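**Q** The structure under discussion is supplied below as structure tokens; questions concerning it will follow.
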Amino acid sequence: MEMGRRARAVSVSNLYLFMLNLPNFLTLIRIATIPLFLVLLFSRFYTEALVVFIVGALTDALDGPVARFTNQRTPLGAYLDPLADKLLIMSSVIVLGIIGPFPAWLTVLIVSRDLIIGLGYGAIYFFTQEWMEVRPSRMGKINTLLQLSMVTAVLISLHSSRLVEYQLLYYLSLLTGVTTFISGSQYVYRGLVWLQNRASSLTRIS
């Protein structure tokens with residue numbers, strides 16, 4: 001009995017450490033900043049919202065290098081990190097689109113892209129009962145950086161319109177829109193190719 005309790009305690013302890021290593025902890029901090037950021041944004045505390053958003057963005061920049069440097073990559077982190085990115089960006093884009101400064105067309109494009117990709121991967125699992133491995137493309141990483149930059153620029157303009165030129169926001173929004181469309185197309189293409197290869201392999205087996 002004592003051996004069993006110790007084994008269970010060790011198992012729970014290992015699971016706890018597995019989930020809360022430093023990279024995953026940084027990701028969880030990013031997720032925790034989202035409700036605070038939204039409350040500040042809706043309350044029109046734009047400077048404070050900007051600070052909280054920057055903290056969240058910094059954890060995004062740090063968790064990947066920390067995971068590689070400390071060799072603490074985990075399957076949980078591989079799913080949690082992009083989920084945290086999407087939650088932070090999507091919530092920011094939607095709320096800023098409602099408030100007004102964020103271009104409505106860009107809000108629709110970003111939300112539509114992520115919905116199409118999410119529904120597509122869900123459909124792949126529904127038809128094949130397998131999860132397709134999701135690897136961020138180089139364009140996807142560039143797009144994430146541009147989306148974060150766009151949200152930051154809009155927040156800075158809300159803090160003080162004199163700090164951000166209108167032309168900067170205009171060209172940044174165009175660049176973000178182009179990379180959003182290209183990266184979304186890449187992910188859709190990857191999904192279709194994976195599905196076709198999977199169907200071909202099943203046909204050969206049968």
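**Q** Highest mean first, how do 161-168, 120-127 rank when packing is the count of other Cβ atoms within 10 Å averaged over residues? Show your work: numbers first, answer last.
**A** Working: 161-168: 11.1, 120-127: 13.2.
Result, highest mean Cβ count within 10 Å first: 120-127, 161-168.
**Q** Quick one: 3J(HN,Hα) in Hz for the stretch 145-160, Karplus 6.51/-1.76/1.60 with θ = phi - 60°, rounded, Gly and Pro as x.
**A** My calculation for the stretch 145-160 gives 4, 5, 5, 4, 5, 5, 4, 4, 5, 5, 5, 5, 5, 5, 5, 7 Hz in order.
**Q** Shifting gears a bit: What does the convex hull of the Cα atoms come to per residue for the stretch 93-179, in Å³? Can you show the working numbers first?
**A** Working: hull volume 8.2 nm³, N = 87.
With only Cα atoms used, the stretch 93-179 gives 94 Å³ per residue.
Values quoted throughout were computed directly from the atomic coordinates according to the rules given, and no laboratory measurement underlies them. Given the structure is predicted, the values throughout are model-derived calculations rather than measurements. Counting neighbours? That spans all protein chains shown, and the Cβs are built from the backbone with ideal geometry, glycine included.
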